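Worksheet: the structure to be examined is printed underneath.
The values are calculated or read from the model by the stated rules, or taken from the named source; none is laboratory data. Here the structure is a predicted model, which is why all the values come from computation and not from measurement. Every residue, glycine among them, receives a Cβ derived from its backbone with ideal geometry; neighbour counts consider all protein chains shown. Surface accessibility is based on the protein's heavy atoms, side chains included, excluding ligands, DNA and RNA. Shrake-Rupley method; radii C 1.70, N 1.55, O 1.52, S 1.80 Å.
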Amino acid sequence: MPQTLLFDLFGVIARQQSPAGQELLVAAAGASAPEFWAAYWALRAPYDRGEVTGPGYWRQVASALGTTFDDRQIDRLLAADLASWSAVDDDMVALVEQAAAAGWQLALVSNIPEELAVHYEQHHHWLRHFDLVAFSCRIGHAKPEPEAYRWCCRALDLAPGRILFIDDRRENIRAAEAFGMRTHLFTGSAQARRAIAELEAARQH
């Protein structure tokens, strides 16, 4: 029976990029949207794993687009990128707080670059409810790499089957299941709340 809830961040507690945020990024880059997003995602994993800095990442994106970004443009891109990922789901924040009050051990694993990790630490105080915060830029592994899940299990000192992993992406869920974790594919706060309530009821019997 799971004793720890391991949450993904973006698409679960925090919202995915808004269309408005995406438009601001494309405008700041001065590129066509298809080319911009192809470069943005193709180069993102090393940035999320902390292998490249924010300015270094945006210089790589510029190179992939066949252009260059000056320092002011890089600053604008960093700010726009941060803003595009900063919105949270208040219902999920409430769920986290209620789960903590109910005695669940909470953990978080997220593919996130350093600049955004710092922003969340500074502005989202509900992170204090988590006994473990595993940011990919700090642990050097990103989902769905098996090492990301293994790192969490080691840090929590738990067997995989003692963890319920909650994520909105099927590839991350499949990787966690292959590693031995219990999983819940996130489709909304109501379904997540029911899944946790069912585990809570089973835990009390």
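Within region 178-205, which residues are open to solvent by 60 Å² or more (accessible area, probe 1.4 Å) and more than 18 Å from the chain's Cα centre (by Cα)? Give the derivation first.
So the first thing to find is which residues in region 178-205 are open to solvent by 60 Å² or more (accessible area, probe 1.4 Å), and the list is 178, 182, 187, 191, 193-194, 198, 203-205.
Passing the criteria: Ala178, Arg182, Gln191, Arg193, Arg194, Glu198, Arg203, Gln204, His205.
Here is the figure for region 83-132: residues that are assigned to a helix (DSSP H, G or I), open to solvent by 50 Å² or more (accessible area, probe 1.4 Å) and in contact (Cβ under 8 Å) with a residue 24 or more places away in the chain total 6.
Any idea how many residues of region 30-64 are in a loop (DSSP other than H, G, I, E, B) and open to solvent by 40 Å² or more (accessible area, probe 1.4 Å)? If you could, list the steps in order and put the result at the bottom.
Keep residues of region 30-64 that are in a loop (DSSP other than H, G, I, E, B), which gives 30-32, 43, 49-53.
Filter once more, so that each one left must be open to solvent by 40 Å² or more (accessible area, probe 1.4 Å): 30, 32, 43, 49-51, 53.
Looking only at that region, the number is 7.
Among the candidates Arg174, Arg154, Arg170, Arg194, the residue that is among the basic types (Lys, Arg) and touching a residue at least 24 places away in the same chain (Cβ under 8 Å) is uniquely Arg174.
Against the numbered list (1) open to solvent by less than 50 Å² (accessible area, probe 1.4 Å); (2) more than 19 Å from the chain's Cα centre (by Cα), Arg162 comes up short only at (1). Taken over region 3-29, residues that are in a helix (DSSP H, G or I) and either aromatic (Phe, Trp, Tyr) or surrounded by fewer than 20 Cβ atoms within 10 Å (Cβ to Cβ) (or both) amount to 8.
Annotation: Pro144 fulfils all but one of (1) part of a helix (DSSP H, G or I); (2) surrounded by fewer than 20 Cβ atoms within 10 Å (Cβ to Cβ); the unmet one is (1). Among the candidates Ala62, Ala102, Ala94, the residue that is of a type outside the set (Val, Ile, Thr) and at pLDDT below 95 is uniquely Ala102.
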